Amino acid sequence: SLAVRTHVKVMVTGGVLNPRSYELVGPFAEQALEKVTLDIAFVGINGLEAHIGPSVSDEFEASINDLMIRRARRSYLLCDSSKIGHSAFAALTRATFNALITDEGRAPQFGNDSKHVYVTRVARSNEVDSMTSLVRIDLDKYEEHAVAKGEFVTNFAVSPDGAWLAGQPESAVFE
């Protein structure tokens, strides 16, 4: 699909194929990446935890991802929402990313500078009681801060400029 697009150059680095991620890793891949500049790097991760930052399952994969980020003009983290708040085996070097790309499982939202991601989390004390929190994750410092909490709120929304916050109340239908 990309090979037939004349405006896209596909480069294969060589190296050892990681059987879990299908990524090419090792010294051959590193040597090839050291000689190129990238416009955009999309970096898949297995975890994003506030105090550790982005992480992956394999130390060789972490090394290649770090190198791709350093060689790219812009870089984006790819992470499904189930991995936010968790870590994997090998942490990536603390690098600056332009944005986090994820699914809507935890309603991620960005502040006006794309340096913060806001995530809604639900903590259940039992099957009936729950507390919903809006958590801000600083993508530069890898710090996490609770911004708001609500016992009867199912979701929070942050304005694009970060100036206002809205909570969606929980509702129930009684027959």
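With the Kirkwood sum run over all distinct C-alpha pairs, segment 1-69 has a hydrodynamic radius of 13.3 Å.
Here the relative contact order of segment 7-77, from alpha carbon pairs under 8 Å that lie six or more residues apart, stands at 32 percent.
Here, each number is a calculation from the coordinates, and none is a lab measurement. Note that the structure is predicted; figures quoted are calculated from it, not measured.
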